[in-house]
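Please read the structure below before turning to the comments.
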Amino acid sequence: MVDYEDVQLVAAIAAAGGVRGAQARLGTHIATIYRQLRDLEQRSGGALFERLGDNLVPTGRAEPFLDAAEDLRDRLAKVERRVAALDDRLIGPLNVTTADTLLDIASACLKAFGEAHPGIALSLQVSNSFADLGRREADVAIRPTLTPPETLVGRRVARFSYAVYASEASSPGGWIGFDAALAALPAAQWLKANVAEDEMRLRVNSLTAAAAAAEVGWGRALVPEYLGSARRLSRVSESIEALASELWVLYHPDLRGNPRVRAFSDFSAKWLRTRLNAGAWLPSRPGS
């Protein structure tokens, strides 16, 4: 008979890539994990993992356990969302996630919200990949996107585009490009179509890095307008409307009734819309 501990065991070893890594996840002595794995493999009729280099890789026999673990995580996340939705207090934790290009504006927004709601304990996660709000990796996301996930709800805050920026120290003709990690980015494709390869003086793996490199004089950078205007950079092109996108405040629909999520989504949507549309969401930088 398969029980919860069996599923947890297989999932932990698969996630860690080995028994030693699973030890920290399970809080069990390593000898106990080996014994449990041998016992489960005997009951399952064969090996659940095979060694590949230094890692243990799940075999086909492990797939039902991993599917069950995935289903269990989804069920527990649903329970957690339902519990959070019933929490009617305007105090407690609130976890916000955003992209690195929005770090400055998101930080300023959270500061303003925190001053208005001192009972809410705020945390901010910065990642360029969408957090799984269904599994409560975050409560609210502030994201630039034209296509927000259908599983989320929220508000479109503003429309923005891209433009070319440079500092006074930039050498004529030099450009900052993107490496393979950003090859699918529309801005990277625009550069590929409009800028000669021999004009690229530096390649970076993030838009924030491109803006920072332009600021110290590496060359011209193609970045979102809100990012370029936040630095000591001069705009050297018109808006490139082909690269226009949108800024959204998003959350899971199950949390619609949570007062902290509702309060923050209402506040941040208004705050961000006002600052972005006014182009005045950051304080003056020293020396600017």
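The values are calculated or read from the model by the stated rules, or taken from the named source; none is laboratory data. The shown structure was predicted, so the numbers you read here are calculated from the model rather than taken from an experiment. So basically every Cβ, Gly included, is an ideal-geometry build from the backbone, and we count neighbours across all protein chains shown.
A count restricted to the stretch 212-235 and to residues that are in contact with a strand residue (DSSP E or B) (Cβ under 8 Å, 6 or more places away or on another chain) and either closer than 11 Å to GLY177 by Cα or among the β-branched types (Val, Ile, Thr) (or both) stands at 8. Inspection of the stretch 61-81 finds a residue satisfying the criterion of being surrounded by 13 or more Cβ atoms within 10 Å (Cβ to Cβ), more than 30 Å from ASN128 (Cβ to Cβ) and in contact with a strand residue (DSSP E or B) (Cβ under 7 Å, 6 or more places away or on another chain). Restricting the stretch 150-173 to residues that are farther than 26 Å from TRP248 by Cα and crowded, with 17+ Cβ neighbours inside 10 Å, the residue that is modelled with the lowest pLDDT is SER170. The set of residues in the stretch 109-140 that are touching a residue at least 12 places away in the same chain (Cβ under 8 Å) and closer than 24 Å to VAL204 by Cβ comprises LEU124, GLN125, VAL126, SER127, ASN128, PHE130, ALA131. For the stretch 41-60, the set of residues classified as surrounded by 15 or more Cβ atoms within 10 Å (Cβ to Cβ) and in contact with a Gly (Cβ under 8 Å, 6 or more places away or on another chain) consists of LEU56 only. Only one of the numbered conditions (1) under 28 Å from ALA209 (Cα atoms); (2) surrounded by 12 or more Cβ atoms within 10 Å (Cβ to Cβ); (3) modelled with pLDDT of 85 or more is violated by ASP132, and that is (3).
Which residues, taken from the stretch 1-16, are buried (at least 17 other Cβ atoms within 10 Å of the Cβ) and either out of contact with any Leu (no Cβ under 8 Å at 6 or more places or on another chain) or not acidic (Asp, Glu) (or both)?
The initial filter retains those residues of the stretch 1-16 that are buried (at least 17 other Cβ atoms within 10 Å of the Cβ), namely 6-14, 16.
Result: VAL7, GLN8, LEU9, VAL10, ALA11, ALA12, ILE13, ALA14, ALA16.
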